[in-house]
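Asks: Below are the structure tokens for one structure; questions will follow.
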Amino acid sequence: MFISFEGIDGSGKSTQCRRLAETLRQRGAVVTLTREPGGSEGAEQIRKLLVEGGGERWSPETELLLFMAARRDHVERLIEPALARGETVISDRFADSSRVYQGLVRAENRKLVEELHRLVIGIEPDLTFVIDTDPSTARARGEARGGNEDRFESLGLAFQQDLRAGFLALAREFPQRIRVIDGGGTQDDVAARVLAALP
Ligand code: TYD
């Protein structure tokens with residue numbers, strides 16, 4: 001099974017990915033836990049180009065192509081081989097992040113994301129959890145975490161609010177695949193909601 005977690009920056013999805021991986025391992029599954037952008041050696045190198053540096057470093061189209069190149073490498077080298085071995089793959093972000101982030105930056109790019117996805121990626125998770133967190137809460141978490149990967153967080157609160165709305169709209173578009181999880185409360189609360197939403 002291929003599971004992805006999505007949400008705005010600082011939504012708590014990375015913690016929930018780890019917690020679900022631990023729980024499934026305790027239940028006897030072999031779990032590959034991974035993330036985007038990155039997850040494979042080549043994709044991690046592309047990640048550096050994307051998350052470091054100023055917001056104007058790449059045009060929206062170049063940025064989208066870099067995300068796609070990273071995802072292609074990730075799918076080829078890590079996700080598909082793990083699924084072929086019968087493992088459960090949990091990815092911290094996947095194509096929905098491109099649909100929402102790159103689709104928001106320029107409306108017509110949403111269509112471009114779909115076309116490129118169909119041409120060069122082609123696979124979707126079996127199940128996607130959108131961890132739905134209030135942007136003010138998420139921002140406070142991000143600031144507490146620090147680090148130099150601040151390119152996206154620096155886009156501001158209004159952008160994060162639009163991203164949140166974008167993920168919720170996507171959940172309505174793909175109701176079979178996407179489950180919206182309330183990201184409020186403690187990590188335990190959210191983890192329990194994720195487990196309850198597992199098929
Ligand atoms: P990530 O490391 O998940 O950041 P965080 O842990 O703060 O959520 O992702 C880095 C940034 O890349 C994040 O702001 C989302 C963005 N992103 C896109 O814009 N498009 C994509 O396709 C992906 C995978 C990520």
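Asks: Pairs needed: first member in the stretch 171-194, more than 21 Å from ASP96 (Cα to Cα); second member anywhere, of a type in the set (Val, Ile, Thr) and surrounded by fewer than 19 Cβ atoms within 10 Å (Cβ to Cβ); C-beta distance under 6 Å; at least 6 residues apart or different chains.
Replies: Close Cβ pairs satisfying both conditions: GLN187/THR15.
Asks: Read through the list (1) assigned to a helix (DSSP H, G or I); (2) among the aliphatic types (A, V, I, L, M); (3) within 15 Å of the ligand (Cβ to nearest atom), then give the number of the only condition that ILE8 fails.
Replies: (1)
Asks: Got at least one residue in the stretch 91-109 being surrounded by 15 or more Cβ atoms within 10 Å (Cβ to Cβ) and more than 12 Å from the ligand (Cβ to nearest atom)?
Replies: Step one: filter the stretch 91-109 for residues surrounded by 15 or more Cβ atoms within 10 Å (Cβ to Cβ), giving 91-105, 109.
With the extra rule that they be more than 12 Å from the ligand (Cβ to nearest atom), the set shrinks to none.
Scanning the stretch 91-109 turns up no residue that is surrounded by 15 or more Cβ atoms within 10 Å (Cβ to Cβ) and more than 12 Å from the ligand (Cβ to nearest atom).
Asks: Shifting gears a bit: Working only within the stretch 19-43, note down all residues that are in a helix (DSSP H, G or I) and within 11 Å of the ligand (Cβ to nearest atom). Quick ask: steps written out before the conclusion?
Replies: Quick first cut of the stretch 19-43, residues in a helix (DSSP H, G or I) only: 19-26, 41-43.
Across the stretch 19-43, the qualifying residue is only ALA43.
Asks: Could you tell me which of the residues ARG77, ARG18, ARG85 is open to solvent by 30 Å² or more (accessible area, probe 1.4 Å) and within 21 Å of ARG177 (Cα to Cα)?
Replies: ARG18
Here's the yes/no breakdown for (1) more than 17 Å from ARG93 (Cβ to Cβ); (2) hydroxyl-bearing (Ser, Thr, Tyr); (3) out of contact with any helix residue (DSSP H, G or I) (no Cβ under 8 Å at 6 or more places or on another chain); (4) modelled with pLDDT of 95 or more:
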| position | (1), (2), (3), (4) |
| --- | --- |
| GLN26 | yes, no, yes, yes |
| VAL31 | no, no, no, yes |
| ARG35 | no, no, no, yes |
| GLY38 | no, no, no, yes |
| ALA43 | no, no, no, yes |
| VAL51 | no, no, yes, no |
| GLY54 | yes, no, yes, no |
| SER59 | yes, yes, yes, no |
| LEU66 | no, no, no, yes |
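Asks: Has the stretch 119-141 got at least one residue that is acidic (Asp, Glu) and assigned to a helix (DSSP H, G or I)?
Replies: So far as the stretch 119-141 goes, no, none of its residues is acidic (Asp, Glu) and assigned to a helix (DSSP H, G or I).
Asks: Filter the stretch 48-78 down to the residues that are away from the ligand (no atom under 13 Å from the Cβ) and touching a Ser or Thr at 6+ places or on another chain (Cβ under 7 Å) and list them by number.
Replies: Listed by number, the residues that qualify are ARG77, LEU78.
The values are calculated or read from the model by the stated rules, or taken from the named source; none is laboratory data. Just so we're clear, the structure is a prediction, and the values are computed from it rather than from any experiment. Here Cβ is always computed from backbone atoms with ideal geometry, including for glycine, and neighbour counts include all displayed protein chains. For the accessible areas, the whole protein counts, side chains as well, though only heavy atoms, and no ligand, DNA or RNA atoms are used. Shrake-Rupley method; radii C 1.70, N 1.55, O 1.52, S 1.80 Å.
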